[in-house]
1. What percent does the relative contact order of the chain come to when contacts are Cα pairs within less than 8 Å and at least six residues apart?
2. Enumerate the calculated ³J(HN,Hα) couplings along segment 197-203 in order (Karplus 6.51 cos²θ - 1.76 cosθ + 1.60, θ = phi - 60°), each rounded to whole Hz, writing x wherever the residue is Gly or Pro.
3. How big is the dipole moment of the chain about its Cα centre under a simple scheme where the beta carbon of each Lys and Arg is +1, that of each Asp and Glu is -1, and everything else is neutral? Debye, nearest 20, please.
4. Sorted by average packing, counted as other Cβ atoms within 10 angstrom per residue and highest first, what order do 169-178, 27-36 take?
5. Note the listed values (1) 74, 46, 39; (2) 58, 41, 37; (3) 85, 45, 34, then indicate which one is Cα extents along the principal axes in Å calculated from this particular structure.
6. Note down the net charge around residue 26, summing +1 for each Lys or Arg and -1 for each Asp or Glu among other residues with Cβ under 10 Å from its Cβ.
7. Which of the pairs 46/226; 46/187; 144/226 have their Cα atoms more than 32 Å apart in this structure?
8. So for the chain, taking the charge dipole from beta-carbon charges (+1 Lys/Arg, -1 Asp/Glu), which of 62, 213, 104 sits furthest toward the positive end?
Amino acid sequence: MTHKSAAIIADKLTKLYGDLLAVDGISFQVDEGEIFGFLGPNGSGKTSTIRMLVGLSRPSGGRASVLGYDLPGESSQAKRYVGVVPDSSNLYDELSARENLLFMARLYSVPRKEQNSRADRLLQDFGLYERRDDLFGTFSRGMKRALTIAAALVHEPRLLFLDEPTAGLDAAAARSLRRLVSGLREKGMTVFLTTHYLTEADMLCDRIAILVQGRIVRIDTPDGLKHLIQDQSLIEFSFRGDVSALLADLQSRLEGGQAALLDSSRIRVYGGDPPRIFDAVFQSSRESGIGLESASTIRPSLEDAFLQITGLSPQVMAADKGSGKGSGVGR
């Protein structure tokens, strides 16, 4: 993929909160026109990084630029071309869908003669035109999320920061929003995406940065990340009972393999010698009295690559998101 220039450049970007090192000298570049995923568990520094890039927080060290504007000195100029979608809506329940978009258009200083046409076009693009006069407070969660994204596009930004676009949505609403996000790339927009859903990142992102404890541990395409583990065996075992307590015993029997609990009745083993892995699992199952239901080899997914790179289960990401997110500085 070739792009004319960089939409974001971070060079040894650092953020300290007292003695807490939230962002530890990270460097990366986001090309114009790509969807760039920024992944990591809560506490990894994602939000602190975004706050610096959108001009809400001053870096403690390093440098960054957005759309060619140096931060933080030129953040006010950059903001004219940047849209930000927070993880919770910033729109007003007591205003209609159209009124919310018109309010945001005025806030972003969209020329008066263009405000109505832009609002109506966005309502049509996001499938909300028929509900344009309904109060935002009456919308479903998926519709609220869609209008929140539409509001961030009313001034036609070149770069969109999109935080957890499908969190808490049902499957149909999430699919719809992913199609909308994918369409933004087709229009040439750059999207900086954070998500706890690794499958979503795999579907949407051109490249992904994985952040752990304030440091970027890997940047690559989704296929490139999965390629890291494609030569390993991946075997998934399903049991007839709760195997949570079995994990430590099983791990002690594996030579070169790594066991991860997918849920209360499923274990996935990464690497190692398959015949020995099967023997270890069968023996552990017999001794514990928990029946083995099935075993299957699987193709590596982005979730598998994430576990191998970070040592963190994808379930940690989901659990973090489920516990709710505030505006804490350490995320």
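1. Values: 622 pairs, mean separation 68.8, N = 331.
Relative contact order here is 21 percent.
2. The phi angles translate into 9, 5, 4, 4, 4, 4, 6 Hz.
3. Working: 40 positive and 41 negative charges, 205 e Å.
Using only the charged Cβ atoms, the result is roughly 980 debye.
4. 27-36, 169-178
5. Here the calculated entry is (1).
6. Numbers: positive: 12, 15, 215; negative: 11, 24.
Combined, the nearby Lys, Arg, Asp and Glu give +1.
7. Values: 46/226 22 Å; 46/187 26 Å; 144/226 34 Å.
Where the Cα-Cα span goes over 32 Å, the pairs concerned are 144/226.
8. Final value for the positive-end residue is 104.
The values are calculated or read from the model by the stated rules, or taken from the named source; none is laboratory data. This one's a predicted model, so the numbers in the text were calculated from it and none came from an experiment. Heads up, the Cβs are rebuilt from the backbone with ideal geometry, glycines too, and the neighbour counts pull from every protein chain shown. Side chains are part of the model used for accessible areas, which takes the heavy atoms of the whole protein and leaves out ligands, DNA and RNA. Shrake-Rupley method; radii C 1.70, N 1.55, O 1.52, S 1.80 Å.
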